[in-house]
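The values are calculated or read from the model by the stated rules, or taken from the named source; none is laboratory data. Note that the structure is a prediction, hence the values are computed from the model and not measured. Every residue, glycine among them, receives a Cβ derived from its backbone with ideal geometry; neighbour counts consider all protein chains shown. To get the accessible areas, we keep the full protein, side chains included, count just its heavy atoms, and leave off ligands, DNA and RNA. Shrake-Rupley method; radii C 1.70, N 1.55, O 1.52, S 1.80 Å.
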Amino acid sequence: MKRSEPANLLTRRSVLAGLGAGFMLVSMPVRADDASVAEAIEAAFGDAPRTDGRIAMTLPPLAESGNTVPLTVSIESPMTEADSVKRVMIFANRNPRPLIATMAFGPKAAKAEFSTNIRLSGTQDVIAIAEMTDGTIYQAQVRVMVTVGACDTLKIRF
Amino acid sequence: MPNTRIRVPKTALKGDAVEIRAIIQHPMENGFRLNSQGTPIPVEIISEFVCTYDGGEVFRVTLEPGLSANPYFSFYLKATTSGPVDFWWKDQDGTITEASAHLEVV
């Protein structure tokens, strides 16, 4: 006699597999890879050529917590009406969402410089891309070591 | 209404670059954290920040969840005339928080 397959789809095995998959989805936000970072940059700037230089990024080489990493970006620009910085975008190449923020300087800005605090999910590169009013695009990249990422939920408190 | 702290110097020399600092109290939930029941806390962020002075914009930011809780910015404005320096934050639900300080240019 042939053994019939159980009609109920909710077997012990499928329940365990489902739980496992659900747990993985919730607990581990997917980190960006190089392709998705390139895609995010292309969505913002198109495929215009990007040159290194003119951007000075200050980040700690080692950040103990990824929750607040101080970032200062300074761009060489006379900041006149004819020649200024149109916008600056900050990307992190291994964060779940690569884009961190978009900054724009208005006509009342004295220099193209700002500071803020960013979140990093782990050791990775932070990329700043600046578009000037003449359309040229500059890029800078800095590596940051992160001890505890912003996305890690620790079981213990310290 | 969230707390804000802004730092604008009382006086400045004409033509000087004046450092401005602004911070707003906000959790900036990134959507990846779990509550005590194990369900994800939805994204809740400030989405825009603008600083204006003397009829023009100084600095504008489009914020993403990649910025830290209590988003902080420091930047420089060019002192031209005495007047208010206005700060404006908008969260993802459209709630607007404003702050203002007077800058005396001598």
Give the residue that is surrounded by the fewest Cβ atoms within 10 Å (Cβ to Cβ), with candidates limited to residues of segment A:134-144 that are more than 14 Å from every other protein chain (Cβ to nearest Cβ) and in a strand (DSSP E or B).
A:R143
Let me spell it out: the conditions are (1) surrounded by fewer than 16 Cβ atoms within 10 Å (Cβ to Cβ); (2) modelled with pLDDT under 95, and B:R21 meets all of them except one. Which number is the exception?
(2)
Kindly indicate whether any position in segment B:82-90 is within 8 Å of chain A (Cβ to nearest Cβ) and not polar (S, T, N, Q).
no
Taking segment A:100-133, which residues are open to solvent by 30 Å² or more (accessible area, probe 1.4 Å) and either more than 22 Å from A:G53 (Cβ to Cβ) or modelled with pLDDT under 90 (or both)?
A:P107, A:K108, A:N117, A:T123
Cross-chain or 6+ apart pairs with Cβ under 6 Å, segment B:1-22 first and among the hydrophobic types (A, V, I, L, M, F, W, C), then open to solvent by 60 Å² or more (accessible area, probe 1.4 Å) and in a strand (DSSP E or B)
B:A17/A:K111
Where residues in segment B:48-70 are touching a residue at least 40 places away in the same chain (Cβ under 8 Å) and in contact with a Ser or Thr (Cβ under 7 Å, 6 or more places away or on another chain), which of them is most open to solvent (accessible area, probe 1.4 Å)?
B:E48
Is it the case that segment A:10-26 has a residue that's surrounded by 13 or more Cβ atoms within 10 Å (Cβ to Cβ) and either outside any loop (DSSP other than H, G, I, E, B) or modelled with pLDDT of 65 or more (or both)?
yes
Just to be sure, is A:S84 at pLDDT 95 or above and open to solvent by 10 Å² or more (accessible area, probe 1.4 Å)?
no
Right, B:S47: among the small types (G, A, S), closer than 19 Å to B:G94 by Cα, within 11 Å of another protein chain (Cβ to nearest Cβ) and touching a strand residue (DSSP E or B) at 6+ places or on another chain (Cβ under 6 Å) or not?
yes
Options A:P98, A:P60; residue that is in contact (Cβ under 8 Å) with a residue 24 or more places away in the chain, within 30 Å of B:G38 (Cβ to Cβ) and not charged (D, E, K, R):
A:P98
